[in-house]
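Each reported figure results from applying straightforward, stated rules to the coordinates on display, with no laboratory input. All of these numbers come straight from a predicted model, not from anything done at the bench. Glycine gets a Cβ as well: all are built from the backbone with ideal geometry, and neighbour counts include every protein chain shown.
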Amino acid sequence: MDYQQILEDIYKEILPFAKKGSQADYIPALAKVNPDQFGMCLETVSGEVYHFMQSDTRFSIQSITKVFALAMCLSLKGEDVWKRVGKEPSGTAFNSLVQLEVEKGIPRNPFINAGAIVIADILLSELEDAESEFIGFVRSLCGNDEIDYNEEVAQSERQCGYLNAAIANLLKYYGTIENDIEKVLMFYFKMCSVEMSCRELAKAFMAFTNRQPFDYAGYKLSTSRIKRLNAVMQTCGFYDEAGEFSYLVGLPGKSGVGGGIVAIYPMRYSVAVWSPRLNSKGNSIMGMKALELLTTATQESIF
């Protein structure tokens, strides 16, 4: 399979979508990002790497970090994680208050904002220094100690994070989070601020692609737990557009409002794509289209 040629052909085909949508301008630091950028990287299980355009440019990966946080929680707590957060698709916006109230403070899944805030709370309770442990885990996954938080992005999100604060307060009201609300929120925003490139993301997600038991920075996941994490990515990884992504692309994955998307073809490859312009659901327009064309051209999907 000539993946390099496929990536280059994909870019030519998605150029008509280059000016559609806009970056996540409700977060001031992300509003300053040049939206006319595109990067893509595919890494195979045999170690071959194919990349194109701005694949080495780091960007705020936002909700993609929720996969890393869930992996840590599964390692620490096992099935007990699901006592405080569900594993069903939301069907509503990623920052919905209504669904959280109707379901009495139990978030639908760990990838919507409410669920990720609960996961952040669990990590704060379980770890002496959650911030250091989290970034250490991410660095271990991609083998790069230069990966770090972006303080400007984290502070920018906190300054305008009124809805997330409302979610955290509602969670606290129902007793779903244990720690101080401000401490939980700041850790959540710090996780979302992590900056990585497409090449680094593709490398990091190889841990979930190989379907082999792994141990990174002391965090261990069995083959069974990796399978289940992939299942949650498949059904919940794209907010209320998860069904559309499954239909068009057919791979487990996770998106972020920084414009990044990572997807995996189990036992074959991981692929990361980045383009800051988003659709109304918060997913990268060019990224979604690029991955649809990838699985169409290669005829490689889980279906």
Legend entry - Share of alpha-carbon pairs per 5 Å distance bin for region 1-57, given as whole %: 4, 16, 21, 20, 16, 11, 8, 3, 0
Inset, instruction - Determine which lysines satisfy two conditions relative to residue 220: a Cα distance under 28 Å, and not lying fewer than 8 residues away in the same chain. - result: 66, 77, 83, 87, 183, 190, 203, 254
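Which trypsin sites (Lys or Arg not before Pro) does region 1-45 hold that lie in a coil by DSSP with at most 14 other beta carbons within 10 Å?
Taking region 1-45 and a limit of 14 other Cβ atoms within 10 Å, the loop trypsin sites (Lys or Arg not before Pro) found are 19, 20, 32.
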Inset, instruction - Place the peptides 274-284, 95-105 in order of packing, highest mean first, counting for every residue the other Cβ atoms within 10 Å and averaging per peptide. - result: 274-284, 95-105
Inset, instruction - Would you work out if region 116-196 is rounded, prolate or oblate? Take a ≥ b ≥ c from the square roots of the eigenvalues of the alpha-carbon gyration tensor; rounded if a/c is under 1.5, else prolate when a/b is larger than b/c, oblate otherwise. - result: oblate
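State, to one decimal in nm², a quarter of the convex hull surface area for the C-alpha atoms of region 3-298, i.e. the direction-averaged projected area.
Projected over every direction and averaged, the Cα hull of region 3-298 covers 13.2 nm².
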Legend entry - For peptides 86-93, 68-75, 126-133, sequence by mean Cβ density within 10 Å, most packed first: 68-75, 86-93, 126-133
Inset, instruction - Determine the shape class of region 246-303: with a ≥ b ≥ c the square roots of the Cα gyration tensor eigenvalues, call it rounded for a/c under 1.5, and otherwise prolate if a/b is greater than b/c, oblate otherwise. - result: prolate
Legend entry - Only Lys, Arg (+1) and Asp, Glu (-1) charged, at Cβ; region 3-298 dipole about Cα centre in debye: 740
Legend entry - Free-standing Cys, the chain [no other Cys Cβ under 4.7 Å]: 73, 142, 160, 192, 236
Inset, instruction - Can you tell me the dipole magnitude for region 132-194 around its Cα centre, using point charges on the Cβ only (Lys, Arg +1; Asp, Glu -1), in Debye to the nearest 20? - result: 260
Inset, instruction - Take peptides 240-249, 201-210 and line them up by average Cβ neighbours within 10 Å, highest first, as a rough protection proxy. - result: 201-210, 240-249
Inset, instruction - May I ask for the distance between the Cα centers of region 1-37 and region 140-187, given as a whole number of Å? - result: 27
